[in-house]
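Derivation of every value follows stated rules applied to the coordinates shown; laboratory data play no part. The structure presented is a predicted model; accordingly, all values stated were derived computationally and were not measured. We place every Cβ from the backbone using ideal geometry, glycine too, and count neighbours over all the protein chains shown.
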There are 6 protein chains.
Amino acid sequence: MRSERVFDVSSEYVPTGIPGVDKILAGKGLPRNHTVLVCGGPGSGKTTFAIQYLYVGATQHNESGVYVTLDEEPNDIRANMLKYGWDLQALEAEHKLVFINVSPVRIAPTERTGLIQIGMKEFRLIKLLEVIRSGVEEVDAKRVVVDPITIFTLQYPDEVERIHAMRDLLRDLRKTDCTNLLISELRGTGWEREHQFEEYLTQGVILLRTFLRDSRLTRVFQVEKMRGLAIDNQPRPYEISMRGIEVYPNATVYK
Amino acid sequence: MRSERVFDVSSEYVPTGIPGVDKILAGKGLPRNHTVLVCGGPGSGKTTFAIQYLYVGATQHNESGVYVTLDEEPNDIRANMLKYGWDLQALEAEHKLVFINVSPVRIAPTERTGLIQIGMKEFRLIKLLEVIRSGVEEVDAKRVVVDPITIFTLQYPDEVERIHAMRDLLRDLRKTDCTNLLISELRGTGWEREHQFEEYLTQGVILLRTFLRDSRLTRVFQVEKMRGLAIDNQPRPYEISMRGIEVYPNATVYK
Amino acid sequence: MRSERVFDVSSEYVPTGIPGVDKILAGKGLPRNHTVLVCGGPGSGKTTFAIQYLYVGATQHNESGVYVTLDEEPNDIRANMLKYGWDLQALEAEHKLVFINVSPVRIAPTERTGLIQIGMKEFRLIKLLEVIRSGVEEVDAKRVVVDPITIFTLQYPDEVERIHAMRDLLRDLRKTDCTNLLISELRGTGWEREHQFEEYLTQGVILLRTFLRDSRLTRVFQVEKMRGLAIDNQPRPYEISMRGIEVYPNATVYK
Amino acid sequence: MRSERVFDVSSEYVPTGIPGVDKILAGKGLPRNHTVLVCGGPGSGKTTFAIQYLYVGATQHNESGVYVTLDEEPNDIRANMLKYGWDLQALEAEHKLVFINVSPVRIAPTERTGLIQIGMKEFRLIKLLEVIRSGVEEVDAKRVVVDPITIFTLQYPDEVERIHAMRDLLRDLRKTDCTNLLISELRGTGWEREHQFEEYLTQGVILLRTFLRDSRLTRVFQVEKMRGLAIDNQPRPYEISMRGIEVYPNATVYK
Amino acid sequence: MRSERVFDVSSEYVPTGIPGVDKILAGKGLPRNHTVLVCGGPGSGKTTFAIQYLYVGATQHNESGVYVTLDEEPNDIRANMLKYGWDLQALEAEHKLVFINVSPVRIAPTERTGLIQIGMKEFRLIKLLEVIRSGVEEVDAKRVVVDPITIFTLQYPDEVERIHAMRDLLRDLRKTDCTNLLISELRGTGWEREHQFEEYLTQGVILLRTFLRDSRLTRVFQVEKMRGLAIDNQPRPYEISMRGIEVYPNATVYK
Amino acid sequence: MRSERVFDVSSEYVPTGIPGVDKILAGKGLPRNHTVLVCGGPGSGKTTFAIQYLYVGATQHNESGVYVTLDEEPNDIRANMLKYGWDLQALEAEHKLVFINVSPVRIAPTERTGLIQIGMKEFRLIKLLEVIRSGVEEVDAKRVVVDPITIFTLQYPDEVERIHAMRDLLRDLRKTDCTNLLISELRGTGWEREHQFEEYLTQGVILLRTFLRDSRLTRVFQVEKMRGLAIDNQPRPYEISMRGIEVYPNATVYK
């Protein structure tokens, strides 16, 4: 895939490598060690965005990645991403990527090939942190994705507890020295909406949404927030093409 | 009925055979083994869409099907579908289709002609999976429909339990090697809406809706999401005609 | 009153006889044995529609009817309907119509002239089914109206129980061999709305609503759903005139 | 005040005598013995409308009236209505009107001059019916007003109980042989709204509302429902003038 | 400050003295002994309006006033109102005004200079009435303000209790022979809204709101209701200037 | 950074020093000792606004500040603010600024360099007041920021308790003699909204929001309320530039 410039791993910023995105991020990328919330509706390309981030990191910037999946089965993700020309299995073999599977398919322990697995119901904060750390150690990761974060927060019905749990997670992600994406599910479809509590806690928030413009559905990318960086917060069109996500930082979205 | 091209059963994709739909699905069809949510309001043609999918599978692609019905009585479905020229009873006789009846009409066990029946109140996940497997075995099915999935999920008042139950169902449907449709009831009528939690869990989401355009109600088909396939996500007009559902992939819907 | 063509009682379809309606119902009428939900706001003509359906059945198609009333007192209905020229008492005398009164006026048993009465608080499913069957037997009915169904469903605060109760009612109505209308109260006035759960369970749904068009309130009739029949689902204007409900199937409603 | 034609007390209809209203009521008035809900926001003239109805009844049609007040103190109502030139005290002296005071001012029993009083907290159905009957007997009333009905229904937190209580009230009001207005408080200000459950139970519903048209607030009168009468259901402008409420049945309200 | 005409204390009406307001109140003022709700959003000038009402009463009409404050500290109010040229401390010295402080600043009893103080948590109806009466006696008040009433009503979580408490308060305020303002906090910002229950209980309702007109925020004054007076209920622009609140009764507010 | 005029510490007003803001505040600044709520969505610049306020106070007006952080880690804030050219660590060394860290990173007590730290779960009113006082003493502060106040109020699920807690906090902040900002999180994105209860309790309210104007997102600054000062309450555009927040008091925001 096309990537932006090659960066030195000790840089202050972590380029996503997703076309158009780093330009919106002041031409630099995500501030190192930050955790960014990526919110979108079904079919908005959240998983593609997250995988692309890890793929570029592994192939272009020598940064390994950990993908914690709660929704999709790793085999499905591998198959789906092949269409973009991304051979994830190859990366796993090179220890540039590891999947932590918290999705419903339970494979017997003997079949463990580059996969770490735990059951859904034991999925609480402690467990999540353990497996993240374990995965980070295994491939010396610099990039982590948790997809989606919703299942995790839903385990805490009490609002204050949920905020504490999220803050603890963010604090521990900080200690990993990785730059992280937490994938989140948007509740509704309208332009106006209620903010989800995690938007106030993470260091950044990216929105992937779809709106009707004239008579066409248009995909709209927007960096709502990014601490430590003067970003372009305007909504920009994006596409999911044969090469993955592509954002158009110079184009406008009319409403 | 009119169908698309004939496919080899080992293909990666399962054509729906519903006019216009496979073109929107990148010209291929549903990715094999995927479970897709079909959401629509009352009278939107959800059941017709689902039966059409099984009918084409049985008559054109040598793929048998299982229809789990929670709403309509199988006799009603048979009668209703005759109007489209689809003789379901013939398919049942050829073991190309089997109905699993979880709808209110209870027929005495001796009358069991191609029908499997269970009572509503015992309708929990375990039972649902058993009868699906039993039906799949009975006709060596490759296509499964559950219509509607709402009753099933309503049995779990706790949100987290509901998500687990749905994920377990999806995981087990995976093991059947079938390509499946789960029919779901949309809550409201407006263009903007809140997403239902199942939209985030299934591999695909298709919407069948109705909107006022100028002064006419227009039926609108939309593939909101389809993992593993670069689909056309634009809203397209569709009709329920004498031959079933027909989508117009090249037409626009003005709002 | 004006009626459509005269039908043979063994026909697949049951003409409503309400001007304009059967044309919208593919020129035929309601599919025999179906139960259709008729939803409308206060003053929309729901009761008039229901009585007109029974009146035409009795006077034109030799089909007796049962009217289960939960809101209005039978004497009031008789008085109100005289204005349209419909002599209901005459039909009751001919055993072509019977009222089941579950409304608040309690008349002493000795005054029982063509009236069956039960108290409101004992009004649960079992009781409802009993009195329906009893009324159907009494006049050998082919048409049944329950007006409104809301009180019945309200008795079940739990959502799943309510769905089961409604499904049981629909299943038992099926066994009566009658073609039935369940009258329901719409919650709000706007064009966009949330669907009521019964709309997904009945075989058909008819909406009677009122909207502001230009500066006039216009009455709008719409068949939202009708299984087994390719209906015209467009909104059409209707009026409540001196002769009852009259729908205009060829006219448009501008929004 | 100006009144319509003089009617014979045994007529089928009870003219309100409020200018413009009876014309909207098919030129006749309220069907005798009916109970009509009058809904409006604060300042819409609900109380004025109700008093005008009783005043005309007493002075023009020889029909005495009972006014059950839950909000306003009878002395206040007397003072307020003097401005329209209506001397209520004179009517009370002639036993053409009686106030039942369920409002907060408690006057010692010895001061009882044409006033019946009960405490708020004992205000349940039984009590309400007793005092209504007592008042009706006292002046041989033909018209009854309960203002507002909201306090009464609020005493029943359970929805089904509330409906039963309202139905019992309506049933007992029927037995009084009076023609009644129940005053109700609208919850919101918009054109679109959710119906209140009482609108489905009473025999008629009148709305008194206020909307912004161009840049002016316009008062809008509308008969939403009236069983047994072919009314004009269009919204019509009205005013609260020096002579009370005045509706303009031939004028339009633009939105 | 500028005031309207000087009135005789035994008049039927109590002029507010706020420029433009009395003209809207039929040129007279508030009906004596009435309690009027003044609702507005934050920054709408509710407190200024209330103080202006008491200030004019004290300086122009020889009517002393009581100000029950739940939000602002009396010292703050004094300081803030100096900007309009209103020396409240002087009025307090002349016993023309007294503050009842139920706000958070607790001053030791020895510092009691023209101040009556009670703690927040003991603030229930009985206590409120006591301190109002005590204040009214102390300065022989004719005008009372409670700012805001929200804290008082919030103490009653049960809706029926809240209505009773408010009615009791209104009844007791009646006995004081004063003309009163209860300040209330509007929940939302839109033109359309849900009515607060107190709007139905008080004898009058005044709204102070802010809307976007063209591209400017405009302050809008509106008398929604005033029993016993034929008021102008149109929305009128107002300003908060160096001299306090000023309403423009002849101007229009375009929406 | 650019600042307004230099003020004498004993002035009645505290200039924010944020370009454009003091002009909107009648050319003066925040009334001394007032507590002002600053509400905004994620990415609106709330933290930047708050730091800028303390930075200007320390460097231009000889007023030290305390920053109570519940969200961001002090090290992050230091790093982020360096981009604007604000060296916070230098100010801390000069005892012109102190951070109170209630955010998730727990640093061992021995690492305490200019930092005061407490755990999240012990964060109740008492604790908050203690640490504020402690910080105010430590640097003889005149400006305090609590960012955000939301976590604090969420600890009180009961609405009345929450109001009391907030009032107690405001009362105690009063005693510190500081001029304070409480940062708050707006719930939704639309122009119309529901007010948060704190808006009614603080002496001022500032809104930082983002709206779509034409096809661009525009940042909108608005002083909704400021007691004791005749402010310009019009919405004004603002930007987050390389120099921090900059408001344009003479420009208009079109909607």
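Close amide H pairs (under 5 Å, H built 1.01 Å from N) link F:Arg213 with F:Thr218, residues at least 5 positions away or on another chain. Along its principal axes, chain B has C-alpha extents of 53, 42, 35 angstrom, given from the largest down. A simple rule links phi to the HN-Hα coupling: the Karplus curve 6.51 cos²θ - 1.76 cosθ + 1.60 with θ = phi - 60°, which for the range E:67-74 gives 10, 8, 10, 10, 9, 8, 7, x Hz, with x for Gly and Pro.
Taking only DSSP H segments of four or more residues, each worth -39500 (n - 2.57), what value at 222 nm results for the protein assembly as shown once the sum is divided by all its residues, to the nearest 500 deg cm²/dmol? Please report the intermediate quantities before stating the final value.
On the way: 48 runs with 450 residues, N = 1530.
Value at 222 nm, helices only: -8500 deg cm²/dmol.
Shielding by partners for peptide D:188-194, expressed as the average number of C-beta atoms from other protein chains within 10 Å of each residue's C-beta, is 6.
How do F:147-153, D:230-236 rank on mean C-beta neighbours within 10 Å, highest first?
Values: F:147-153: 22.9, D:230-236: 18.9.
Highest to lowest by the protection proxy: F:147-153, D:230-236.
Run through every distinct alpha carbon pair of the range E:6-65 and return the Kirkwood hydrodynamic radius in angstroms, one decimal place.
Details: mean 1/r = 0.0832 Å⁻¹.
Computed over the range E:6-65, the radius equals 12.0 Å.
To the nearest whole percent, what portion of all C-alpha pairs in the protein assembly as shown is separated by more than 69 angstrom? It works out to 14 percent of all Cα pairs.
In whole Å, what three semi-axes, largest first, describe the equivalent ellipsoid of the range E:43-87 built from its Cα gyration tensor (square root of 5 times each eigenvalue)?
Details: eigenvalues 58, 28, 21 Å².
Rounded to whole Å, the semi-axes are 17, 12, 10.
Taking amide H atoms as placed 1.01 Å from N in the peptide plane, the amide H of B:Val38 lies under 5 Å from those of B:Leu182, B:Ile183, B:Ser184, B:Ile206, each 5 or more residues away in sequence or on another chain. Neighbouring Cβ atoms from other chains, within 10 Å of the Cβ of residues in C:91-101, number 0 on average. Straight-line cross-link reach from A:Lys142 at under 16 Å between alpha-carbon atoms covers these lysines, not counting any fewer than eight positions away in the same chain: A:Lys96, A:Lys175.
Converting phi to 3J(HN,Hα) with the Karplus coefficients 6.51, -1.76 and 1.60 and the offset θ = phi - 60°, the range D:92-100 yields 5, 4, 7, 6, 9, 8, 9, 9, 10 Hz in sequence order, with x at every glycine or proline.
Phi angles across the range B:46-59 convert, under the Karplus curve 6.51 cos²θ - 1.76 cosθ + 1.60 with θ = phi - 60°, into 3J(HN,Hα) values of 4, 5, 4, 4, 5, 5, 4, 4, 6, 5, 5, x, 6, 8 Hz, Gly and Pro given as x. Count Lys and Arg as plus one, Asp and Glu as minus one, and take only other residues whose Cβ is under 12 Å from that of B:Ile149; the net charge is then -3. When Rg and Dmax are taken over the Cα atoms of the range B:186-232, they come to 12.4, 38 Å.
Label sites at E:Arg213 and D:Asp87, each approximated as a point 7 angstrom past Cα along Cα to Cβ, lie 4.5 nm apart.
For the range B:84-104, the residues whose backbone nitrogen is under 13 Å from a point 7 Å from the Cα of C:Ala230, taken along Cα to Cβ, are B:84-86. Comparing the range A:131-188 with the 2.2 N^0.38 Å rule of thumb, its C-alpha radius of gyration ratio is 1.20 (two decimals).
Hey, what's the per residue convex hull volume over the C-alpha atoms of the range E:212-255, in cubic angstrom? Present the calculation step by step, with values, prior to reporting the outcome.
Working: hull volume 3.7 nm³, N = 44.
Convex hull volume per residue, Cα atoms: 83 Å³.
Amide H contacts of E:Leu30: E:Val14, E:Thr16, each under 5 Å away and 5 or more positions distant or on a separate chain (H built 1.01 Å from N in the peptide plane; Pro and chain starts excluded).
Size descriptors for the range E:162-255: radius of gyration and Dmax over Cα atoms are 15.2, 47 Å. Translational diffusion of the range B:1-100, estimated by Stokes-Einstein from the Kirkwood radius over alpha carbon pairs at 10 °C in a medium of 1.306 mPa s, is 113 µm² per second.
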